[in-house]
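Quick notes on the structure that follows.
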Amino acid sequence: MPEPPAIAERLVRWLVGGRDADAVAGDLRETYHARGGSALWYWGQALSCAAVRFSGHRRVLPGLGQDFTHALRSIRRNPGYALTAMLCLALALGVNTTLFALLDSLYFRRLPVHDAGRLLLIQRTTTPFCSWREYLEFRDRLRTLRAASTVMFSGEAHVGPRTYGVVAECVSGNFGAVLQPGISAGRWFASDTEDAVVLSYGFWKSKLNGDPGVLGREILLERARLRVIGVGSSTFRGAFPPFASDLWVPTGALPSHGPSGPPVGVIARLAPGSTRQSADAEIRLLDAGLRADPGSARANDPAILQPIRGLLWRRGRRVLQPVVSLMSLLCAAVLLIACVNVANLLLSRAAVRERELAIRTALGASRWRLFRARLAESLVIAAGAAVLGVVAGEAAGRALQAAVPSIPEEGFRGLAFGIDARTALFLFAASPLSAFFFTAASGGRGHARRRRVYSVVQVTLSLTLLVGTGLLLRAMQHVERADPGFAQERRLAIHLYGPPAALRMALDRARSLPGVQDATLASSLLGPDSGGCAALSAAAPVRRTERNTVEPNYFAMMRVPILRGAGFTGAPGVLVNETMARASWPGDDPLGKPLWIGCDAAQRTVAPVVGVVRDTTWALDPVTEPAYYLPLDEGGGDRPVSLIVRTAGEPYEWSRPLIEALAMVSPDLRVYDAESIADAMRLAFWETRWRAALLGSLGALAILLAAIGLYGVVSCSVAQRTREIGVRMAIGAQPVDVQWMFLAEALRLTAIGVAAGLVLSAATVRLLRGFLYGLSPFAPAAFVGASLAWVLIAMLASWWPARRATRVDPLTALKYD
Amino acid sequence: MERLGEFEQLVLLAVMRLTDGAYGVPIQQEIEERAGRRVTVGALYATLDRLEGKRLLESWFADPTPQRGGRSKRYFRLTAAGESALAESKAAYDRMWRGVRLKGGSRA
C-alpha cells in the first residue's frame, strides 16, 4: 500500500496537535488508500487542517494550561524556594522600578494635561526664564501660540488657625485655559487680578482632609487674602514636574510678583491649526524684534521652543544626571544578582528534578516543551515577584520621598516618587523578561558547577559595589572636614530679593539690631558662584569665571584675607582670588591691571584690579576656579542675595527677630528663610550624602542577595552530599570536620569571588572619579575593608547550613538515596 | 438553546445516523453521499471540535488498527443536549416549511 506523503503528514500532525493529531492522520490515511493514493488530494486535505488549528475551541498552544497547573503544584509542594526566589526578585524589581520612575520623570514624562503634546516651553539658551515684559509681548503678539506664565515660589499659607509651608506657583490668569489641566472642583482663574487661589488635589486631601466645603474659604498668603475658587485635578501637580505645587495664585493677587517680580517661565500651547514649524518661525521673528531693543540684554540669546518632557529645570537635570547614571548601573547590577540568585535556586531544584526530566524526555517531550514547562514555573515566580515588587517599589519610593527634605534645592521638595501606570507597566514587562533570562540560565547540564560559578559571580558584583560604597564614604568624610576658606561659626544667612536700594536699607536695619555684631551682603553664600566672564583685554577671548558680588566689609566679616592691595573703596575696582591672579598674570603683579568683565561683548565694563584675596573652595571642587569679586551695586542684577550677619550667640536665636525686622523694611523686598552658614555647608553636601546613601543601600541589597545565594549553594551542597557525610561520620569524622568541609567550600568560592571582584573594582572605580573630590579611587583601605567584610559575611552565610550538616544521622544518611 | 449552522446540523445528523461507528472517515463519507457535499478533513474536525466545545457531542479514543498505520480513532456521539438542539432545529424548519409550495411540485 502506498504511503501518504510524509511531509504532508507531518504538517497535519503539527497543525492539529495533541492527541487528535493521531486520529486525524489515521483518518486521512484510511481515506487515502480508499481513494487510490492521490498525493495532491492528500496535500489539499493537509492544508485544510489549518482550520482546525485556528478554530476557536482549540488552544493555540496545546498543553499550556497543563504547564501552569504543573508549575503551581510543584511550587505548592516546595513553597520555601519559590518564596525566596520571589522575594529576591521582588527586591531587585522594586528598586529598578523606582529608578525607572526617576528616569521617566527626568526625561520622558509629559504633563498630565489635556493634549500635552501641544504644550511648549519658551526659553532661552542661558536661562529657562523670561522677564515679565517679554512674557507680555509673547502673550499679546503671538498668533500661533497662547502663552501663560508661571513661577514657583515658597511661602507660608495661613488657613484658618493653621499655617503651612507651601510650594506654590504664581501664574497668569490664562493658566487654566492654556494648560488645560482639568479641575476636580470649582474653576480656574478668569483673569490676572482675581484675589483667588486654586488648591492642588494633594494639598486639599492631605492638609485640609478633603473638606467638601473648601470652595469659598479664605487663605492668607504673603499678606494677601485669597478665596479658594477651585481644587486641581488629582493628577496635575504643577507646570514643572516632578516638582509638585500646593497651590496656584494669579500674578495680580501678589504684589511682589508680576512686573516687579522675578523672571517667569513661559508655557505656550499651540493654537488650533498651528504647527510647530509655524510657531518656531513666529517666535524667531518676534524675538528678533525684542532683542533688537537697545535695552535688551539678550542680544546673543535667542528664544527657542521646547516640548515639555521630563525635568525642565536644567540645573536639576544636571545635578541629578550623574547620580542617576550611577544608580542605573547599580540597579542593573542588583537585578543581575537577583536573577542569578533565582537561577541558582532553580538549578538546585533542577538537580532534584533530574529524574522527572529524564522520564519526560524518554516519553518524547521535546527540548522546547521542557523549556516551556520550566518557563511556566519561572513566570509564576516572576508574577508573584512583580506583585511583591509593587510593594517594594512603593516602599523604596516612600523612603526616597522621606529623604527629600534633606535636599536644600527648594524645587526638589515637591519631588514625588511613586508607582504610577507607566512604572507599573515597566515592572510587569521586566519580570517576565527576567523570568526568561533565569530559565535559560538554569537549563542544561552541569548543575553543581554552574551553581558555584553563579555564586562566584554574585560575590564579585557585590564586592565591587561594596568597594564603591567605601570610597564614597571616604570622600564624604573628606569633603565635610575640609576648610572652605571662610568663617562658618555664628554666621546666619537670610536670603533676600529686591532692588539695590531695598537691600541697602535691609543691611542698615540688620546692623541696628541688638545681637548682630556685623552684617554684610553677598550674591553667593558659599564662595564665588558660576556665571561670570572675564577677559584680559578688549580683544582677548572671554573666559567663564566664577564671581561674587559683595559688600566691601564682606572680606573682613567672613575672614577672607586680602593678600595684596586693598578692598573696595568706592572707586571702580575688582578683586580677584589667588588662582585667578596666578592664572591670568603669571609671575606678574595683577594690581592695577585692567580686567574686562561681562559675558556679553557689547555690555562689558572695565575695571582695574585693586586687590588679591585668598582662595575659597566651593568645597565640592578639588580644584579652585579663578574668581573675581565686584561691589554689590555694580554686579547686582536679578539674582537673590544673601544677607549674612555675625551674631552674638547662637545664630538661630536671631533668625525670627531678623526676619521680622527685615520684612518691615520695604514692600519691594522679598524675605526668604534664614539658615546658618554651617547648616548651608552641610546641606551643600547633600549630593555626596545622597550618593553615599544610595550606593550604600544598593550595595547592602546586593550583599544581602549574594549572601542568600551563598547560603543556598551551601545548603544544596549539604543536601547532595548527605550520603558522603554519613559515610565520613561513620568512619569517624568529628562534627567539626564536617562543618569545616562546607565552610571551606564556601570560603573557597568567596576567595575566588573576592579576587575577581577586586579586579573588577580596580577596572571600574575610575567611573567614580567624578564623585570623589580629588581623592584617588585606588584607596587600599576600601579594597581591603570590603574583602574582609565579605569573608566575614561568607562565613556567616555558610555557618548555618554547615551546622545542619553535622546534625545528619549517619544511619539515615547511609540509606539516603 | 444553541443555534445550529447548516453544516453543524449535517454533522450532527451524520453522527446520529452512524450510532456506534461514528469516527472521522464514516462521518465524512455519510455527508458526502447523502448530502452531496465535499468535506475536507480540516473543516470536519474544526466543526466536530466546535460542537464538542458546545457540549453537543462527546468523544473518546479507541484502539488503533493496521489500516491506519497504528493510529487511534476518535469516536463521536451525540449528547442529550445535542439531540435536543437537533430536534429544535428540525422543528424550526418544519414550522417554516409548513404550507409552502415550491414551483416544480415538491411540497412539504
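The values are calculated or read from the model by the stated rules, or taken from the named source; none is laboratory data. Note that this is a predicted model, so its numbers are computed, not measured. Quick reminder, even Gly has a Cβ in these numbers, built from the backbone with ideal geometry, and neighbours come from all protein chains shown.
Tabulated results
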read-out: A:V808 being assigned to a helix (DSSP H, G or I) and not aromatic (F, W, Y); value: no
read-out: Conditions (1) within 13 Å of chain A (Cβ to nearest Cβ); (2) farther than 26 Å from A:G18 by Cα; (3) at pLDDT below 85; number of the one not met by B:G69; value: (2)
read-out: Only listed residue being at pLDDT below 80, crowded, with 19+ Cβ neighbours inside 10 Å and either in contact with a strand residue (DSSP E or B) (Cβ under 8 Å, 6 or more places away or on another chain) or within 28 Å of A:S74 (Cα to Cα) (or both), chosen from A:L375, A:L345, A:L415; value: A:L345
read-out: Checking B:R38 against (1) more than 9 Å from chain A (Cβ to nearest Cβ); (2) of a type in the set (D, E, K, R); (3) crowded, with 19+ Cβ neighbours inside 10 Å, the condition it does not meet; value: (3)
read-out: Out of A:V12, A:V52, sole residue that is at pLDDT 85 or above, facing chain B (nearest Cβ under 9 Å), assigned to a helix (DSSP H, G or I) and surrounded by 17 or more Cβ atoms within 10 Å (Cβ to Cβ); value: A:V12
read-out: Which listed residue is closer than 26 Å to A:A475 by Cα, among the aliphatic types (A, V, I, L, M) and touching a residue at least 24 places away in the same chain (Cβ under 8 Å), from A:A692, A:A730, A:A755, A:A674; value: A:A692
read-out: Failed item in (1) in contact (Cβ under 8 Å) with a residue 60 or more places away in the chain; (2) touching a Phe, Trp or Tyr at 6+ places or on another chain (Cβ under 7 Å); (3) over 26 Å from A:A678 (Cα atoms), with A:G527 passing the rest; value: (3)
read-out: In the range A:512-534, the residues that are more than 20 Å from A:V645 (Cβ to Cβ) and polar (S, T, N, Q); value: A:S530
read-out: Verdict on A:V738 being under 24 Å from A:L345 (Cα atoms), out of contact with any Gly (no Cβ under 6 Å at 6 or more places or on another chain) and assigned to a helix (DSSP H, G or I); value: yes
read-out: Some residue of the range A:115-124 being among the acidic types (D, E), in contact (Cβ under 8 Å) with a residue 24 or more places away in the chain, within 20 Å of A:V264 (Cβ to Cβ) and not in a strand (DSSP E or B); value: no
read-out: Pair list, Cβ under 7 Å, 6 or more apart: the range A:758-787 residue on the phi > 0 side of the Ramachandran plot, other residue modelled with pLDDT of 75 or more and surrounded by fewer than 18 Cβ atoms within 10 Å (Cβ to Cβ); value: A:Y773/A:H478
read-out: Selected residue (criterion: modelled with the highest pLDDT) from residues of the range A:61-87 that are exposed (fewer than 14 other Cβ atoms within 10 Å of the Cβ) and farther than 13 Å from A:A376 by Cβ; value: A:R76
read-out: Odd one out for A:A540, checked against (1) at pLDDT below 85; (2) small (G, A, S); (3) in a strand (DSSP E or B); value: (3)
read-out: Among (1) surrounded by 15 or more Cβ atoms within 10 Å (Cβ to Cβ); (2) modelled with pLDDT under 85, the one test that A:S172 misses; value: (2)
read-out: So A:A190, is it hydrophobic (A, V, I, L, M, F, W, C) and more than 17 Å from A:F236 (Cβ to Cβ); value: yes
read-out: Among (1) more than 11 Å from chain B (Cβ to nearest Cβ); (2) of a type outside the set (D, E, K, R); (3) free of Cβ contacts under 8 Å to residues at least 12 places away in the same chain - the single one A:G26 does not satisfy; value: (1)
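A quick yes/no check of all residues on (1) modelled with pLDDT of 75 or more; (2) closer than 28 Å to A:R109 by Cβ; (3) not in a helix (DSSP H, G or I):
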| position | (1), (2), (3) |
| --- | --- |
| A:P262 | yes, yes, yes |
| A:A281 | yes, no, no |
| A:D293 | no, no, yes |
| A:R309 | yes, yes, yes |
| A:V323 | no, yes, no |
| A:L326 | yes, yes, no |
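For (1) touching a helix residue (DSSP H, G or I) at 6+ places or on another chain (Cβ under 9 Å); (2) farther than 30 Å from A:L290 by Cβ; (3) β-branched (V, I, T); (4) at pLDDT 90 or above, each residue gets a yes or a no:
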{"residue": "A:G117", "(1), (2), (3), (4)": "no, no, no, no"}
{"residue": "A:F129", "(1), (2), (3), (4)": "no, no, no, no"}
{"residue": "A:E137", "(1), (2), (3), (4)": "yes, no, no, no"}
{"residue": "A:S154", "(1), (2), (3), (4)": "yes, yes, no, no"}
{"residue": "A:G176", "(1), (2), (3), (4)": "no, no, no, no"}
{"residue": "A:I183", "(1), (2), (3), (4)": "yes, yes, yes, no"}
{"residue": "A:E194", "(1), (2), (3), (4)": "yes, no, no, no"}
{"residue": "A:D211", "(1), (2), (3), (4)": "yes, yes, no, no"}
{"residue": "A:L221", "(1), (2), (3), (4)": "yes, yes, no, no"}
